[in-house]
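The block underneath contains the structure these notes are about, expressed in structure tokens.
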Amino acid sequence: MRDFVKLMRRFAAHLTRTRARAGWALTAASLLAYVASGNNEGLRQFWLVLTGVAAGAIFLPERDESIWRMTSAQVRAMVPEYRISALQRLLISARCDSTQWADVVWQRGLEPLLKAGSKAELVIWDAKYDISIHLVERRCGDLDVYRVDTLSRARRALPEATSRKYWVSVARTKEALQVEYQFSNCLTRELVMMPGVDPSAWRAAVAGFCLVRMWVDGVAAPVHVDNSEGLSDVVRWYIDIPEEQQTSTAVPYTLQFDFPIPSDERTFPVLFNGYYSAGASEVTLRIDDPSGTSELSYEHFLAYGLGAYVGEFSRSVDSTHSQQISFATPRDSLLWPGSGIVFHW
């Protein structure tokens, strides 16, 4: 049924393209002239032939070179997808001296990007990620921790999810964290381990320490925590996102997620995992260290096209012993999945 609908749409687009519309107009004008010719048989024959030619322009396929004058919408409507892909591969081969390299460019470069173009949830636009780490010890259960405050702002389409439920989670073990990565519903997740603490006490401590808030298109979404025994080594904060925002188009959102890290931790990774980061991306990490003994540094592994300007890092220090490192890309940049920055102090 779906293929039949696509076929009918393609047929309708063919009958309403620019040349076809001109053919319809000329056919109608020729028929009127034929009727108005009265008993003049020679003139009637002329208009009859012209009517046939004009009608032929409606149904006959375009010449091959006419595709260069089509809009993208016309190409999608009139040309089968497999022919579009074949043309794309042919054009890539025409630009490459090596057939092997042309195949790699298509299979590992262009094709994944084109697939992402039809799955909006794989692209996050204009992401801004702010992290503040307060190097002042506090307690989370029986563990000495630092508080990490994070704020994510971007435009994205929510991942497709059967249950239409979305959540943020904290895992007690690495195994539980890996399970959370398997759910597209899980918008972000963190690992908070407390050796020697039983699961029940761990869930209570994490649920009481962490804070999750979210705004979708400027509207606050209700959040409720689930730290029941049924989740075992995970605490989840379910986010009630309005149905009208659960669309395939990118919408602006802000996500606040505050959580603990062990006080002996000295690194914080930021990973662009499972999605493309397009547009102006920004990452800023700030540490507040009253002792003034820490030195903030970073390592980066950013995947982007050779020859492209990926962006730049900047550093600042103030009189309160706060240090900050920021990374910002241009407005037209693209970071591939697997890119990231690891901060150290």
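The values are calculated or read from the model by the stated rules, or taken from the named source; none is laboratory data. Quick caveat, the model's predicted, so the values are computed rather than measured. Heads up, the Cβs are rebuilt from the backbone with ideal geometry, glycines too, and the neighbour counts pull from every protein chain shown.
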Out of the residues in the range 198-220 that are aliphatic (A, V, I, L, M) and buried (at least 18 other Cβ atoms within 10 Å of the Cβ), which is nearest to Gly141 (Cα to Cα)?
Ala205
Got a sec? Which of Val317, Val310 is of a type in the set (Val, Ile, Thr), surrounded by 10 or more Cβ atoms within 10 Å (Cβ to Cβ) and closer than 22 Å to Gly279 by Cα?
Val310
Inspect the range 237-248 for any residue being among the hydrophobic types (A, V, I, L, M, F, W, C) and surrounded by fewer than 15 Cβ atoms within 10 Å (Cβ to Cβ) and give the result as yes or no.
no
Among the residues of the range 244-266, the number that are under 30 Å from Met194 (Cβ atoms), in contact with a helix residue (DSSP H, G or I) (Cβ under 9 Å, 6 or more places away or on another chain) and of a type outside the set (A, V, I, L, M, F, W, C) is 2
Yes/no for Arg69 being surrounded by fewer than 14 Cβ atoms within 10 Å (Cβ to Cβ) and at pLDDT below 85
yes
How about the range 112-137: which of its residues are without any contact (Cβ under 8 Å) to a residue 24 or more places away in the chain and of a type in the set (D, E, K, R)?
Lys115, Lys119
If I filter the range 272-289 for residues that are outside the structural domain of Ala154 (by TED's automatic domain parsing), surrounded by fewer than 16 Cβ atoms within 10 Å (Cβ to Cβ) and of a type in the set (Ser, Thr, Tyr), do I get at least one hit?
no
Could you list, in sequence order, the residues of the range 9-55 that are of a type in the set (S, T, N, Q), closer than 25 Å to Arg69 by Cα and not in a helix (DSSP H, G or I)?
Thr16
Every listed condition ((1) of a type in the set (D, E, K, R); (2) under 30 Å from Val206 (Cβ atoms); (3) surrounded by fewer than 18 Cβ atoms within 10 Å (Cβ to Cβ)) holds for Asp103 save (2)
Which one of these does Val235 not meet: (1) outside any loop (DSSP other than H, G, I, E, B); (2) touching a residue at least 12 places away in the same chain (Cβ under 8 Å); (3) closer than 26 Å to Gly279 by Cα?
(3)
Can you pull out the residues in the range 169-197 that are of a type in the set (D, E, K, R), surrounded by fewer than 19 Cβ atoms within 10 Å (Cβ to Cβ) and farther than 29 Å from Ala157 by Cβ?
Lys174, Glu175
Which pairs have Cβ atoms under 7 Å, sit 6 or more apart or on different chains, and link a residue in the range 205-224 that is in contact (Cβ under 8 Å) with a residue 12 or more places away in the chain and farther than 22 Å from Leu158 by Cβ to one that is polar (S, T, N, Q) and outside any strand (DSSP E or B)?
Ala207/Asn227
Between residues in the range 182-193 that are under 18 Å from Leu122 (Cβ atoms) and residues that are among the β-branched types (Val, Ile, Thr) and not in a strand (DSSP E or B), which pairs lie under 9 Å by C-beta distance while being six or more apart or on different chains?
Asn185/Thr162
